[in-house]
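One structure is given below, encoded as structure tokens.
Just so you know, all these numbers are worked out from the coordinates, no wet-lab data involved. The shown structure was predicted, so the numbers you read here are calculated from the model rather than taken from an experiment. Don't worry about glycine lacking a Cβ; one is built from the backbone with ideal geometry, like all the others, and counts go over all protein chains shown.
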Amino acid sequence: MISGKLDIIWNISLVCPWNCQFCCTDAAYVRQTGTSIIIREFGLGQQRNLDIHDINYSEPALRKLIEIGIKPNVFDIALQDRQSRGLELTYEQKIKLINNILPLSAEIDFSGGDPLACYENFLVMQEAKKYLAEKI
Ligand code: SF4
């Protein structure tokens, strides 16, 4: 049983377009060079290259965006790649977390990575906003 108020800082994704030397969150640095999407992760010690011609846009996480009129960007693609390897929560897991945590006396600050680099996270924040509206 949880009592009292919870203040949660949630690193909703480690995907990040920046490459700060002082990063303390083990962010996954993502950028595009030519036809390659480069993901540097695990303390920037490992690099993964995705060819943009090999992206499978029928993967559920990318298809979901396309269905609502959003063209997936390199960060959306990197997130999907990391989700497929079990390194990030899926959209469904994030929504489940929101629906389990926010009915409690809890508040969430979204952090990252860059919490707004991937459109999916914006959708999760919209879900969280429903609870905020109920509290006002
Ligand atoms: S998570 Fe923050 S500190 Fe780390 S690289 Fe991204 S913007 Fe910089």
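Computed from backbone phi with θ = phi - 60° and the Karplus coefficients 6.51, -1.76 and 1.60, the 3J(HN,Hα) list for the range 51-59 is 7, 5, 6, 9, 5, 9, 6, 8, 4 Hz; x is used for glycine and proline. If both residues of a DSSP beta bridge must be in the chain, then about 55% of such bridges are antiparallel. Remark: spin-label model distance Trp18-Ile70 equals 2.1 nm, labels positioned 7 Å along the Cα→Cβ axis. Mind putting together the pair-distance distribution for the range 7-135? All Cα pairs, 5 Å bins, whole percent per bin, short to long. Result returned by the calculation: 2, 10, 21, 22, 19, 13, 8, 3, 1, 0.
Close amide H contacts of Asn11 (hydrogens built in the peptide plane, cut-off under 5 Å, sequence separation of 5 or more or a different chain): Ser111. Counting other Cβ atoms within 10 Å as a rough exposure proxy, the listed residues Cys118, Cys23 run Cys23, Cys118 from fewest neighbours to most. Legend: calculated FRET efficiency, Asn11 to Lys129, from the Cβ-Cβ distance at R0 = 22 Å, rounded to 0.05, equals 0.70. The charge dipole of the range 10-80, taken about its Cα centre with unit charges on the Cβ atoms of Lys, Arg (+1), Asp and Glu (-1) only, comes to about 100 debye. Listed by chain and number, the lysines placed with their C-alpha closer than 27 angstrom to that of Lys64 are Lys94, Lys96, Lys129, Lys130; residues fewer than eight positions away on the same chain are left out. Sequentially through the range 62-70, phi angles give Karplus couplings (6.51, -1.76, 1.60; θ = phi - 60°) of 7, 4, 4, 5, 4, 5, 9, x, 9 Hz, Gly and Pro residues having no value and appearing as x. Shown in residue order for the range 85-94 are the 3J(HN,Hα) couplings computed by the Karplus curve 6.51 cos²θ - 1.76 cosθ + 1.60 at θ = phi - 60°: 9, x, 9, 9, 5, 7, 4, 4, 5, 5 Hz (x for Gly and Pro). Across Thr25, Thr90, Thr33, mean-square fluctuation computed from a Gaussian network of the chain (C-alpha pairs under 10 Å connected) peaks at Thr33. Taking all pairs of different Cα atoms in the range 1-54, averaging 1/r and flipping that mean, what Kirkwood radius in angstroms comes out? Taking every pair of different Cα atoms in the range 1-54, averaging 1/r and inverting gives 13.2 Å. Dividing the summed -39500 (n - 2.57) terms of all DSSP H runs of n ≥ 4 by the residue count of the chain sets its mean residue ellipticity at 222 nm at -10500 deg cm²/dmol.
Packing order of peptides 34-41, 99-106, 64-71, highest average first: 34-41, 99-106, 64-71 (average count of other Cβ atoms within 10 Å over each peptide's residues).
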